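Notes follow once the structure below has been shown.
The values are calculated or read from the model by the stated rules, or taken from the named source; none is laboratory data. Bear in mind that the values here come from a model prediction, so they are computed numbers and not experimental data. All Cβ positions, even for glycine, are placed from backbone atoms using ideal geometry, and neighbour counts span all protein chains on display. Side chains are part of the model used for accessible areas, which takes the heavy atoms of the whole protein and leaves out ligands, DNA and RNA. Shrake-Rupley method; radii C 1.70, N 1.55, O 1.52, S 1.80 Å.
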Amino acid sequence: MPAPLNAATVGPAPRARGWRTGGWVLIALLPLFLCAAYLVPFLGVANWSITLPEPGLGQYARVATDPGVHSVIWRTLRICALVTLLAVILAYLLTYVWIHGNRPMRILAEICIIVPFWISVLSRAFGWLVVLYNRGILNTWAQDLGILSEPLTLVRNDVGVVIGMVHFLVPFAVFPIASVMRGLDTRVLMAARGMGAGRLRTFWEVFVPMTMPGIFGSAVIVFVFSLGFFVTPALLGGGRSIMIAEYVYVQIFQASNWGLAAALSVTMIVIVSLLLLALMRLTRVEKLVR
């Protein structure tokens, strides 16, 4: 008599094999999609940087030597560094309230974190323009209350750009810090308190060092995002605080200097890639330490 059939001899059902094959097909298509969506356009931009207006590395030489380009780069780095510092500090305080505060404070913190995601960057920039303009809400109220005799210049300069960018990036800075804060071992804090450390000393010498990976990750994310800002600096800066993204736009659509714009774009992509590599290395080291 033939041996009875069982699951081991028959093998997986045809439907299960079909699902498994479809899964492998989707996984194989993902790298192709990423190459088509990101790698191919990047290679095209890199090609422009060494072929326009003539073949060679002349555009990269201009990036390295042109004082005008240097002023834009340093202004961008200065603004991004200040925005990163302010956004991470505000995000850290907001995250601490969100995780360790009482219920009403946690709800308020969640509203402050989630609601900004529902508002577009363009609407936020125009909103800050209405608030910070010379005849805007803030200056008008301050003059009506007698606090100011003349309006403050809060737009068409770096101040307005920093305020608008910080407001947009704080919610993005919250989540890396929150993921680290939620995973902390509270017994370490209790041990520090048991050894006689006060609340402030426990916070600065124990709590903050334990959350440094989240702080660093948040800083990298905010800095990378801020490097590519265009709408907020263009509206709140008023053409007087030109950052790299706006400078690239000007070179393409006004100066028709596609080669320089491509060289700047490639340079910024390299900088962002190095920052993300540093973040990945820090995350890997943190996992090994744990």
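Of the candidates ILE107, ILE73, the single residue that is over 27 Å from GLY238 (Cβ atoms) and in a helix (DSSP H, G or I) is ILE107.
Only one residue in ASN6, ASN47 is more than 30 Å from SER241 (Cβ to Cβ) and either surrounded by 14 or more Cβ atoms within 10 Å (Cβ to Cβ) or at pLDDT below 80 (or both), so which one is that? Reasoning before the result, please.
Details: ASN47 fails: either surrounded by 14 or more Cβ atoms within 10 Å (Cβ to Cβ) or at pLDDT below 80 (or both).
After applying the criteria, what remains is ASN6.
Within the option set THR95, THR76, THR65, being open to solvent by less than 50 Å² (accessible area, probe 1.4 Å), of a type in the set (Val, Ile, Thr) and closer than 30 Å to ALA46 by Cα holds for one residue only, THR76.
Answer with yes or no whether GLY146 is surrounded by 15 or more Cβ atoms within 10 Å (Cβ to Cβ) and over 30 Å from MET210 (Cβ atoms).
Numbers: surrounded by 15 or more Cβ atoms within 10 Å (Cβ to Cβ): no; over 30 Å from MET210 (Cβ atoms): yes.
So GLY146 fails the test.
GLY238 meets each of the listed conditions (1) free of Cβ contacts under 8 Å to residues at least 40 places away in the same chain; (2) on the phi > 0 side of the Ramachandran plot apart from (1). Of the set (1) crowded, with 16+ Cβ neighbours inside 10 Å; (2) out of contact with any Ser or Thr (no Cβ under 8 Å at 6 or more places or on another chain); (3) part of a helix (DSSP H, G or I), all apply to ALA192 but (2).
Inside region 208-239, residues that are assigned to a helix (DSSP H, G or I), within 13 Å of SER179 (Cβ to Cβ) and open to solvent by less than 10 Å² (accessible area, probe 1.4 Å) make up a count of 3.
Determine, yes or no, whether ALA197 is at pLDDT 90 or above and open to solvent by less than 30 Å² (accessible area, probe 1.4 Å). In short, no. Evaluation of THR153 against the conditions (1) polar (S, T, N, Q); (2) surrounded by fewer than 19 Cβ atoms within 10 Å (Cβ to Cβ); (3) not in a loop (DSSP other than H, G, I, E, B) shows that the sole unmet condition is (3).
Provide a single number: the residues in region 92-115 that are of a type in the set (Val, Ile, Thr), closer than 15 Å to PHE168 by Cα and touching a residue at least 60 places away in the same chain (Cβ under 8 Å).
First, pick out the residues of region 92-115 that are of a type in the set (Val, Ile, Thr): 95, 97, 99, 107, 111, 113-115.
Applying the additional criterion that residues be closer than 15 Å to PHE168 by Cα yields 111, 113-115.
Okay, now just the ones that are also touching a residue at least 60 places away in the same chain (Cβ under 8 Å), so 113.
Of the residues in region 92-115, 1 are of a type in the set (Val, Ile, Thr), closer than 15 Å to PHE168 by Cα and touching a residue at least 60 places away in the same chain (Cβ under 8 Å).
Scanning region 105-138 for residues that are of a type in the set (Lys, Arg) and open to solvent by less than 70 Å² (accessible area, probe 1.4 Å) gives a single hit, ARG124. For region 240-257, taking the residues that are in a loop (DSSP other than H, G, I, E, B), under 16 Å from GLY68 (Cβ atoms) and not basic (Lys, Arg), the one that is most open to solvent (accessible area, probe 1.4 Å) is identified as GLN254. Taking every residue in region 193-217 that is aromatic (Phe, Trp, Tyr) and pairing it with any residue that is in a helix (DSSP H, G or I), at least 6 positions away or on another chain, the pairs with Cβ-Cβ distances below 6 Å are PHE216/LEU282.
Scanning region 178-187 for residues that are in contact (Cβ under 8 Å) with a residue 12 or more places away in the chain and open to solvent by 60 Å² or more (accessible area, probe 1.4 Å) returns SER179, ARG182.
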